[in-house]
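Okay, structure first, notes after.
The values are calculated or read from the model by the stated rules, or taken from the named source; none is laboratory data. What you see is a predicted model; the values in this text were computed from it and never measured. Positions of Cβ are generated from backbone atoms using ideal geometry, with glycine treated the same way; all protein chains shown enter the neighbour counts. Quick note on the areas: whole protein, heavy atoms, side chains included, nothing else; ligands and nucleic acids left out. Shrake-Rupley method; radii C 1.70, N 1.55, O 1.52, S 1.80 Å.
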Amino acid sequence: MPAPAASPRLEPFRLRGANFNLLVLRLLDPRIEVIVPAIADQFRRAPGFLRFAPLVIGLDDLQAAPQDIDFAGLAAELRRIEITPIGTVGGTPELRAAAQGAGLPPLRAAGGKDEEVPMAPPPAATAPAGPPPAPPLPPGTARPTMVIDHPVRAGQRIWAQGADLIINSTVNPGAEVIADGNLHVYGNLRGRAIAGGADNTEARVFALNFDPELVSIAGYYAVREGLTDAPIGKTVQVRLIGENMRFDRLG
Amino acid sequence: MAQVIVVTSGKGGVGKTTSSAAFATGLAQAGKKTVVIDFDVGLRNLDLIMGVERRVVFDIVNVITGEAKLNQALIRDKRVDTLSILPASQTRDKDALTKEGVANIIEELSKDFDYILCDSPAGIEKGALLALYFADQAIVVTNPEVSSVRDSDRILGVLQSKSKRAEEKRDPVKEHLIVTRYAPNRVEKGEMLKLEDIREILAIPLLGVIPESESVLKASNTGNPVILDDGSTAGQAYKDAVARFLGEDRPHRFIDPEKRGFLSRLFGGRAA
Ligand SMILES: Nc1ncnc2c1ncn2[C@@H]1O[C@H](COP(=O)(O)OP(=O)(O)OP(=O)(O)O)[C@@H](O)[C@H]1O
Ligand SMILES: [Mg+2]
């Protein structure tokens, strides 16, 4: 038996802990044929924002026996509708084991006191989770544009599919505007603003009066509570620099 | 052809029925043939506020199911003879109202009336959708608080997408804003939303601001729409709003905190 090779010049990897913000999909029904169409329906309405988003499957609300749930089938179906399940949280040990057998390992909620903690929680390194960045559109690619000339009101959702979106009015609290490309709001932006829906990390958000409930680019997002350093109430451009959202005043 | 006006809000208890009763009475006083329909099936109270609850024989559901003719269900107001009321049913649920049934009623009423007011139930569910479906104009009633403004914003979105006019891609429903229960003193203290803030969010023309007033409760308890009470600030504000609706230009009143004069300080008087 040869001895293990001597250490190379550079260490090949480093193991670090980090905290992530992840969406949890809490299952309320064990039947895939019920879950998947319902999710597909929901996600069709908010497509870009959640596409390929990593997602944790919550097992706490499930009343089923492990053999009644086809975790492998569920994972495959979710990937088919462009959702990426990465593990589970909660549930009975039997359920967790069944999921793990299907490639969905149990995750530990940060701050939670789940058993089987593999390592001490690292110092908070909060990085907003998001899908892997996609290559930018080739330069010069003309993109269609959708123009909306009326206020977007609470409860309304406008999605410019494969297009830029220009709102020539206000986006009120409780409204949602989604562009697969860039998003321009020539009025008060008070609702949810989602740009680069289709993983376009080059997309930007422009707002005459920036006061959103949530802003997201290519799956990276910030809620209003986290926008304490952004120039609220000003004319602002938002873009991604690496994994960080940057807010610059315009004009 | 009659104009169909829905009085709607999204949120409950903001003053839709109070406003419907006042507006219908005001339009009728101005000589317009007016009918006001209670769409709040199961929770009818327009008839109470109009003071006709003891004259209800048939209601809108009876007309839809064919148990009564429309003119058997219509109640003529005894104070203003150009005004009629079509009550809601107390005992049925909202499913008893159908789109076809309401369409037939509105078509028949259109022959005889200038204005058909629809007092919407709260919410954005079936009953509210039906009340606004046939509207040519909408009076959106809002209180100076965040949740009420949010719900009114929602209902404006619904008007743009779910009304018959929207479905047929005709001219949009004409929108009017009424802010009710406005208390300038509390606005000044920051306890209520400012009128400008409400107008900025909703961005539709302001028809009137109705002050918070004790006379409203008194009016509904006696079954006399508050617009008939000349001494009431709310009644006067509704009169102004109706006049504006009919094209008159009147300045808005009751939107600034009252300067407490010598007499009111002496007697600790309150707005009537
Ligand atoms: N300007 C006002 N000043 C004081 N009280 C008012 C005023 N307007 C309405 N109210 C009171 O508010 C309450 C609700 O009014 P109203 O029944 O007209 O609301 P609504 O929107 O029709 O309610 P619902 O959603 O239940 O149908 C009543 O008690 C009424 O007396
Ligand atoms: Mg009512």
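What to note about this one:
- Divided by 2.2 N^0.38 Å, where N counts the residues, the Cα radius of gyration of the stretch A:145-249 comes to 0.92.
- Per-residue shielding of A:184-191, expressed as the average number of other chain Cβ atoms within 10 Å of the residue Cβ, stands at 1.
- In Å², nearest 10: area of A:His184 left accessible to a 1.4 Å probe: 30 Å²
- In this label model, A:Asp248 and A:Gln63 are separated by 5.6 nm, measuring between points 7 Å along each Cα→Cβ vector.
- Among beta bridges that DSSP assigns inside the protein assembly as shown, antiparallel share in %, nearest 5: 20 percent
- Other protein chain C-beta atoms within 10 Å of residue C-beta, averaged over A:153-164: 4.
- The C-alpha radius of gyration of chain B, expressed as a fraction of 2.2 N^0.38 Å, stands at 0.98.
- Accessible surface of the protein assembly as shown [probe 1.4 Å, protein heavy atoms]: carbon and sulfur percent: 52 percent
- Chain B: most fluctuating residue of B:Arg150, B:Arg181, B:Arg92 per GNM, C-alpha cutoff 10 Å: B:Arg92
- Principal axis dimensions, largest first and in whole angstrom, of the protein assembly as shown by Cα: 108, 56, 52
- List of the stretch B:124-151 residues, accessible area with partners at least 40 Å² below that of the chain alone (1.4 Å probe): B:Arg150
- Residue pairs exceeding 21 angstrom between C-alpha atoms, taken from B:Lys69/B:Lys111; B:Lys16/B:Lys111; B:Lys32/B:Lys94: B:Lys16/B:Lys111; B:Lys32/B:Lys94.
- Counting only other chain Cβ atoms within 10 Å of each residue's Cβ, the peptide B:154-167 averages 3.
- Secondary structure note: in chain B, about 5% of the DSSP beta bridges are antiparallel.
- In order along the stretch A:177-190, phi translates into HN-Hα couplings of 10, 10, 10, 6, x, 7, 10, 10, 10, 8, x, 7, 9, 10 Hz, rounded to whole numbers, per the Karplus curve 6.51 cos²θ - 1.76 cosθ + 1.60 with θ = phi - 60° and x for Gly and Pro.
- Computed with a 1.4 angstrom probe on protein heavy atoms, the A-B interface buries about 900 square angstrom of accessible area in total.
- Dipole of the protein assembly as shown computed with +1 at Lys/Arg Cβ and -1 at Asp/Glu Cβ about the Cα centre; of B:Gly10, B:Ala68, A:Ala230, farthest Cα towards the positive end is A:Ala230.
- For the peptides B:141-147, B:243-249, the ranking by packing is B:141-147, B:243-249, with the highest mean count of neighbouring Cβ atoms within 10 Å listed first.
- Accessible solvent surface per residue of the protein assembly as shown, calculated while the other protein chains remain in place, 1.4 angstrom probe, Å²: 50 Å²
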